[in-house]
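Engineer: My questions will all concern the structure given below.
The values are calculated or read from the model by the stated rules, or taken from the named source; none is laboratory data. Just so it is clear, the model here is predicted, and its values are computed rather than measured. All Cβ positions, even for glycine, are placed from backbone atoms using ideal geometry, and neighbour counts span all protein chains on display. Please note that ligands, DNA and RNA were not included when accessible areas were found on the heavy atoms of the full protein model with its side chains. Shrake-Rupley method; radii C 1.70, N 1.55, O 1.52, S 1.80 Å.
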Amino acid sequence: VKVACRCGVARIAIGCFCWPMALSMRPRRGRLRLLLRRLQDLLATMHAVALAAIALLALLSLPATEAAAAGRRLGAADLARRGRSLIQKSDKKLGRGFVSLALHIDPFLALEGETAQEFDSWLPKLQRQESMTYWKGNIYLGHDKTYLEGLFSQVHLFPDTEKNSLALFAWRNLQLTGLSCCGIDNVAVFFQQASKHMYVAPFVDLVPGAGDRLKSENVNMYRSFKQWWEETGRRPMPEPQVMYNGGGKYEWEAMKVAMKPSRIPVGWPEMIESVLAARMDEIEVARSILRVALRKNPDLSQIAKELLPEFADVSAVAPPTPAAAAAAEEKYVVCYNPHVGLGNLAVVMVSAHMLAKLTGRTFLLHWNVNTVSQHAFKLREQPGVRMISGYAGGDEAIFRGSVKHTYLFHMMHSEKLGEVLELFGCSDLQQSLANHPVVTVSSNLFFAPMLKVNPHTPEGAVPDFPQMLLELFAPSDRSAKRALDFAQTSEWGKPNWWGTKVPVIAVHIRAREENEDNDDWPTADSPTRGMLEKLRLCLEKAVARELEGAITFDVFIASTTEAARSAVAKTLQAKVKGLRRVLTLDSLTRNRRAQDGAEDAMAEALLISRADLFVRLVVGTSGFSTFAYFSNALRLQNEWIGDAKWLERSGFAPNYLVTEDCGPGRCFLAPADVRMANIAWHGKQYTQRSCGDVVERVERKGTAQLGCRGLQPVDGAPLPPDEL
């Protein structure tokens, strides 16, 4: 580990010995400032030492086999040499398998670096002899952009000596996203990180205007490289060059690393996938795929111990059963979950499930990058619904046949959005998808309303969100117990001995969380004093309108930040007449990427669903919160309350909203139905499809987009025309 010092670069073992000399040569008045800088350097050094110690302890704590594997991970060059040796010894299939594995890890073996001269003499010739194709991933990894994009922040997976191994995932991401975010960005970032600077500007410029559409953090990088490229003579990309064929389709011969299954040993494609998963620290995925590889070819067991010594205990799965063979012939819709909250997750999953039902397919769910959220939900057991590991009865780890990737995000390339709107909103889905045994869904949108307005969808086939949620999921047992224990202990809405019930008002504050993207999301971690006062007034209006005759009531406050929850509690306790108690879930974990955090989020949603009245505020935006709609939809689910029958609910609680976006801090009555993210901004040239404008059709059916439309001002004054 190295730290940067003012006098140069020093190793942590010796620190910065240049301090005394540096101090003595400076004017006295600058010494204090310099001393402070030296102190910062020292703290950075201590931090680096601590991180190194933690890493060493982590390595020492590994089981013996895993520690050994971490120290001797085979490099691409060694694998390629092993492959050539096997080919020369006439074990050609296995030799080609090793070569293909090497190319998956480093596609540039014969193109650059110290290995180029050695491998250029034979590797390109072998590649030309084979019908090489692109890597297409396995059932867990490689069919969803969110996972692939997440790899770019995990720098420990791609040390400086192995940056080329990131190429496989950057290229696959580009194939999945095309001109949508963020395939071009990530390939350009790979070129920059892997010191392939001659590629950056020529690659981005293959599509006119692509440089201007890069993410803000990448624009300066691209412009800097473009200026350098122009100043050095605008040389072409190194061979083989990346080619753009239009329609978001790119070609690059360097990324064709996979051989036909007939040219390598049976089970070897799965072996490659297991090795790649292990290198990405996807341990359980690697184990699962390795079992399939060994079932297909038990002769690979010894090689598996060499390539994956940490899995020496893994044995083959049982031979396929007749049921598994039948499952292999099924058709599927696979939902890959993105990095979003519980509400967004729920609307995406039920939409994908509805697509599966409408097309007569089995629904496969993969928690993907959102694994902790599985601790908040309980998937209901029913025919036609499985986890991803149940693909083909658990007998396959790589999708068979053609795969149709559907990609639907509100921020995406407009032409691609138009294609998806045509598919979901207008086409005969059965016919359009007939040639694709597998359809994957990567989305952060509630797209069931598009399916509902499709002219080929039978009337009533797509129910409302609460019914779809009830059919697919129940709250997890731990979340339900957490909510029920709190409700019983606090006697939530329980009638007293003479039968009087104290109503409960739920207040939800969507505030800015640390490290959160600001994409139509909150802009601060707590409401201003003015917004707190308007929240109080709105709550009092809601009580007067909805809880006539209530002398006293309780308020349950849920918020994404403690600062917001405390501020709201203090304001209400001081000023609201009739408020008996402020209730909050104690010992709350707000980290939604931790198991406890996901469970607590579901527990809060369940408690909100038991309220008599719902008031919410999103700090700085128009108040959209899928979590709020999700909580209201949970009113239909009553199994979790057990014997606490006073907690049983149905229908919707009145839903009030405070927002500054639709007027200066006004109070609105909001619809209970979940909304769809705004995609009309792409323009009618993309939303107008063969059956009409899909977005307008969705709105006519009652599903509004985000924004002020559909809100009813409590004060009776109409919304300004520009807000409608």
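Engineer: Considering only residues that are part of a loop (DSSP other than H, G, I, E, B) and within 21 Å of residue 544 (Cβ to Cβ), which ones fall in segment 652-670?
Structural biologist: 652, 653, 654, 663, 665, 670
Engineer: When you look at residue 722, is it acidic (Asp, Glu), modelled with pLDDT of 80 or more, open to solvent by 30 Å² or more (accessible area, probe 1.4 Å) and more than 31 Å from the chain's Cα centre (by Cα), yes or no?
Structural biologist: Details: acidic (Asp, Glu): yes; modelled with pLDDT of 80 or more: no; open to solvent by 30 Å² or more (accessible area, probe 1.4 Å): yes; more than 31 Å from the chain's Cα centre (by Cα): yes.
Spelling it out, it is not the case that residue 722 is acidic (Asp, Glu), modelled with pLDDT of 80 or more, open to solvent by 30 Å² or more (accessible area, probe 1.4 Å) and more than 31 Å from the chain's Cα centre (by Cα).
Engineer: Among the residues of segment 138-157, which ones are outside any loop (DSSP other than H, G, I, E, B) and aromatic (Phe, Trp, Tyr)? Steps first, answer last, please.
Structural biologist: Filtering segment 138-157 for residues outside any loop (DSSP other than H, G, I, E, B) gives 145-153, 155-157.
If the condition is that a residue be outside any loop (DSSP other than H, G, I, E, B) and aromatic (Phe, Trp, Tyr), then 147, 152 are the ones that fit.
Engineer: Against the conditions (1) surrounded by 15 or more Cβ atoms within 10 Å (Cβ to Cβ); (2) at pLDDT 95 or above, where does residue 65 fall short? Just the number, please.
Structural biologist: Exception for residue 65: condition (2).
Listed here are the residues, each with its yes/no results for (1) without any contact (Cβ under 8 Å) to a residue 40 or more places away in the chain; (2) among the aliphatic types (A, V, I, L, M); (3) within 18 Å of residue 442 (Cβ to Cβ).
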site	(1), (2), (3)
140	no, no, yes
158	yes, no, no
172	yes, no, yes
189	yes, yes, no
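Engineer: As an exercise: evaluate residue 591 against (1) open to solvent by 10 Å² or more (accessible area, probe 1.4 Å); (2) closer than 16 Å to residue 556 by Cβ; (3) modelled with pLDDT under 90 and give the number of the one condition it does not meet.
Structural biologist: Exception for residue 591: condition (2).
Engineer: Among the candidates 457, 440, which residue alone is crowded, with 23+ Cβ neighbours inside 10 Å, hydroxyl-bearing (Ser, Thr, Tyr) and modelled with pLDDT of 95 or more? Break it down stepwise before answering.
Structural biologist: Details: 457 fails: crowded, with 23+ Cβ neighbours inside 10 Å.
Unique residue meeting the criteria: 440.
Engineer: Given the criterion at pLDDT below 90, surrounded by fewer than 19 Cβ atoms within 10 Å (Cβ to Cβ) and either under 32 Å from the mean Cα position of the chain (by Cα) or not aliphatic (A, V, I, L, M) (or both), identify the matching residue among 642, 683, 663.
Structural biologist: 663
Engineer: Would you confirm whether or not segment 224-241 contains a residue that is under 23 Å from residue 146 (Cα atoms) and open to solvent by 20 Å² or more (accessible area, probe 1.4 Å)?
Structural biologist: No, because not a single residue in segment 224-241 is under 23 Å from residue 146 (Cα atoms) and open to solvent by 20 Å² or more (accessible area, probe 1.4 Å).
Engineer: Please give the helices (runs of 4 or more DSSP H) falling wholly within segment 226-328 in which 2 or more residues are more than 26 Å from residue 164 (Cβ to Cβ), small (Gly, Ala, Ser) and at pLDDT below 95.
Structural biologist: By residue number, 322-327.
Engineer: Within segment 266-290, can you find the residues that are more than 27 Å from the chain's Cα centre (by Cα) and surrounded by fewer than 20 Cβ atoms within 10 Å (Cβ to Cβ)?
Structural biologist: 266 - this is the single residue of segment 266-290 that is more than 27 Å from the chain's Cα centre (by Cα) and surrounded by fewer than 20 Cβ atoms within 10 Å (Cβ to Cβ).
Engineer: Can you tell me which residue within segment 113-138, out of those that are in contact (Cβ under 8 Å) with a residue 60 or more places away in the chain and under 23 Å from residue 157 (Cα atoms), is farthest from the chain's Cα centre (by Cα)?
Structural biologist: Looking at the filtered set, the residue picked out is 134.
Engineer: Somewhere in segment 394-401, is a residue buried (at least 20 other Cβ atoms within 10 Å of the Cβ) and assigned to a strand (DSSP E or B)?
Structural biologist: no
Engineer: Confirm whether residue 372 is open to solvent by less than 50 Å² (accessible area, probe 1.4 Å), among the β-branched types (Val, Ile, Thr) and more than 30 Å from residue 687 (Cβ to Cβ).
Structural biologist: So residue 372 passes the test.
Engineer: If you don't mind, another one. Inside segment 533-626, counting only strands (runs of 3 or more DSSP E) that do not spill past its ends, which hold 1 or more residues that are touching a Pro at 6+ places or on another chain (Cβ under 6 Å)?
Structural biologist: Numbers: elements: 553-559, 579-583, 613-618.
Of the strands (runs of 3 or more DSSP E) lying wholly inside segment 533-626, those with at least 1 residues that are touching a Pro at 6+ places or on another chain (Cβ under 6 Å) span 553-559, 613-618.
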